[in-house]
1. Taking region 2-13, which residues are open to solvent by less than 90 Å² (accessible area, probe 1.4 Å) and at pLDDT 90 or above?
2. Does region 14-26 include one or more residues that are at pLDDT 85 or above, open to solvent by less than 90 Å² (accessible area, probe 1.4 Å) and either small (G, A, S) or part of a helix (DSSP H, G or I) (or both)?
3. Do any residues in region 25-40 that are under 20 Å from I12 (Cα atoms) have Cβ atoms under 9 Å from those of residues that are of a type in the set (G, A, S), where the two are at least six apart or on different chains, and which pairs are they?
4. Would region 88-99 turn up any residue that is modelled with pLDDT of 80 or more, assigned to a helix (DSSP H, G or I) and not small (G, A, S)?
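The values are calculated or read from the model by the stated rules, or taken from the named source; none is laboratory data. Keep in mind that this is a model prediction, so the values were computed, not measured. With ideal geometry, Cβ positions are generated from the backbone for all residues, glycine too; neighbour counts draw on all protein chains shown. Keep in mind that these areas ignore ligands, DNA and RNA; they rest on the heavy atoms of the full protein, side chains included. Shrake-Rupley method; radii C 1.70, N 1.55, O 1.52, S 1.80 Å.
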Amino acid sequence: MVEFLIMFTLGILIGLLIKKKLNIGTVIEKLTNVSLYLLLLYLGLTVGLNKVIVSNLPKIGLKVVFISVFTILFSLICAAIIYKIFFKKDKALRKQNEE
């Protein structure tokens, strides 16, 4: 756990140092996407290779679908609430500045 905190803190410090010098946001975004895809592939492989999970898929399938649907639904609701609270003001300010 300590290693994760050290790496996270180190990443923040490096980001603060180089953000003014380089605009590497797009490179980091692409690396993040590739890393996420590789993690999802690995997760799918480990689930597919696990005989216990595969044999119990019919039993746990409906529960997984239910949890997934409600997770996505509540994530969208929370994102909409956060947008209205924090970002709607910025949109109104930009509109006033344009006029």
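1. Let us first name the residues in region 2-13 that are open to solvent by less than 90 Å² (accessible area, probe 1.4 Å), namely 9-12.
Selection gives T9, L10.
2. Among the residues of region 14-26, not one is at pLDDT 85 or above, open to solvent by less than 90 Å² (accessible area, probe 1.4 Å) and either small (G, A, S) or part of a helix (DSSP H, G or I) (or both), which makes the answer no.
3. Here the result reads I28/G15, each pair linking region 25-40 to a residue that is of a type in the set (G, A, S).
4. No: zero hits.
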